[in-house]
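Here the structure comes first, spelled out in structure tokens, and everything after it is commentary.
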Amino acid sequence: MEELNSRKAAVVGCGFVGSASAFALMESGLFSELVLIDAAEGKAEGEALDISHGLPFAKPMQIYAGGYEDISDASVIIVTAGAGQKPGETRLDLVKKNVGIFRSIIPKIAEHNKEGILLVVANPVDILTYTAKKLSGFPENRVFGSGTVLDTARLKYLLGEHLAVDSRSVHAFIIGEHGDSEIAAWSSANVSGIPLNNFCEMRGHFNHEESMRQIAEDVKNSAYRIIEKKGATYYGIAMSVKRICEAIVRDEKSILPISSIQHDNHGISDVALSMPAIVGAGGVEGTVPIELSTEEEADLKNSADTLKKIIEDLSL
């Protein structure tokens, strides 16, 4: 096997999400080589050319369209290929279509690269992360999904707006499925170490229950709203992909709510879903135990069961 190039990434699937991710990665300067792969070769070539033309304004790098043989030394393989969510469709409605696509893609990736990190971004991300792990034979620490990294960013953004405070000072997670059964882990939320409710009161907000319900609902429905208005969501997820790649390339050991296969975490096993985890050069270095209320525990179990039922039907 070829030695991995820590400054090389591959993007498989050049639709809205794949091409926006490639653009965000070019802007980031994290990689010096980026190969784009798509079933429609012309699409990958067009995106590579378009992004390359901005290189005089960025950092020198090589961006080109290629085939699976070009990923043999890529340290991170970002899989965005799959059918997109249509207006009115849930992420889980996409299961059959996208598991079918993964059955053809993942073995090709594994054939050419056995040492890299597989970052799954296509939806439903939890089911496809589980599928990618089973089909690739990669160790679990090197197969994970973008999970609720974007949902968590949406939660921080909305809380920042609500409290008129920098969203980067807000510490809160969305956990569970990246989808309709996701949970806002309110019991561990804080603003720079100050419990959320106390901070809300400092800012003149006292109707906690209603605000929390409304914000969680807005986070859950934001993708649907964006899809309804512009047909697809891609900038937010592209920036999430960049953030995850940053943690890997720089071995940051950042805590991010990525989707990975759980082992007796809050009583949940053998299903991929999002929990805060330490992410570094080796991929997932372990999950981080967060305090959950009894109600949040029950909702998390429910989220896991929703995903498990679908996995059982797939006979992977």
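Taken together, the values in this text are just the output of simple stated rules run on the coordinates, not laboratory data. Keep in mind the model is a prediction, meaning the values are calculated, not measured. Here Cβ is always computed from backbone atoms with ideal geometry, including for glycine, and neighbour counts include all displayed protein chains.
Could you check which residue among Cys200, Cys14, Cys245 shows the biggest mean-square fluctuation in a GNM of the chain with a 10 Å Cα cutoff? Comparing Cys200, Cys14, Cys245 in a Gaussian network model of the chain, the most mobile one is Cys200.
Between Val288 and Glu161, the contour length at 0.36 nm per residue exceeds the alpha carbon distance by 43.0 nm.
For the pair Glu217 and Thr90, the difference between a 0.36 nm per residue extended length and the Cα-Cα distance amounts to 44.2 nm. The string of couplings for the stretch 148-160 from the Karplus curve (6.51, -1.76, 1.60, θ = phi - 60°) is 9, 4, 6, 4, 5, 5, 4, 4, 5, 4, 5, 5, x Hz, one whole number per residue in order, with x for Gly and Pro. In this simple spin-label model, placing a label point 7 Å from the Cα along the Cα-to-Cβ direction at both Lys108 and Asp251 gives a separation of 3.3 nm.
Along the charge dipole of the chain, which of Ala58, Tyr235, Val120 sits closest to the positive end, that is, farthest toward it, with unit charges on the beta carbon of Lys, Arg, Asp and Glu (+1, +1, -1, -1)? Farthest towards the positive end: Ala58. Every helix of 4 or more DSSP H residues in the chain counts as -39500 (n - 2.57), and over all residues that averages to -14000 deg cm²/dmol at 222 nm. Here the contact order of the stretch 103-173, divided by its residue count and restricted to Cα pairs under 8 Å and six or more residues apart, works out to 27 percent. Oblate is the label for the stretch 256-316, because a/c, from the alpha-carbon gyration tensor with a ≥ b ≥ c as root eigenvalues, is 1.5 or above and a/b does not exceed b/c.
Only loop residues by DSSP count here, and only those with at most 13 other Cβ atoms within 10 Å; note down the trypsin sites (Lys or Arg not before Pro) in the stretch 161-247 that meet that. When the trypsin sites (Lys or Arg not before Pro) of the stretch 161-247 are filtered for loop state and at most 13 Cβ neighbours within 10 Å, Arg203 remain. Applied to the stretch 197-208, the Karplus parametrisation 6.51 cos²θ - 1.76 cosθ + 1.60 on θ = phi - 60° returns per-residue 3J(HN,Hα) values of 4, 5, 5, 4, 5, 4, 9, x, 10, 10, 8, 4 Hz, with x for Gly and Pro. Multiplying the residue separation of His205 and Ala40 by 0.36 nm and removing their Cα-Cα distance gives an extension gain of 54.2 nm. Relative to the longest principal axis of the Cα atoms of the chain, helix 294-314 runs at roughly 30 degrees. What shape does the chain have by the C-alpha gyration tensor, where a ≥ b ≥ c are the square roots of the eigenvalues, rounded means a/c under 1.5, and otherwise prolate means a/b greater than b/c and oblate the rest? Prolate shape, in that a/c is at least 1.5 and a/b is the bigger ratio. Of Ala304, Ala164, Ala122, the residue with the greatest mean-square motion in the GNM of the chain, using alpha carbon springs below 10 Å, is Ala164. Please go through the residue pairs Lys97/Lys309; Lys230/Lys301; Lys43/Lys97; Lys97/Lys229; Lys108/Lys301; Lys253/Lys309 and name each one whose alpha carbons sit more than 29 Å apart in this structure. Too far apart for the 29 Å limit: Lys230/Lys301; Lys108/Lys301; Lys253/Lys309.
Pairs of alpha carbons in the stretch 149-314 separated by more than 23 Å make up 42% of all such pairs. Along the stretch 119-131 the Karplus relation, 6.51 cos²θ - 1.76 cosθ + 1.60 evaluated at θ = phi - 60°, assigns HN-Hα couplings of 9, 8, 10, 5, 9, x, 4, 5, 5, 6, 5, 4, 4 Hz to successive residues, with x for each Gly and Pro.
Under a GNM of the chain (C-alpha, springs under 10 Å), which listed residue has the highest mean-square fluctuation: Leu55, Leu150, Leu159? Highest fluctuation among the options: Leu55.
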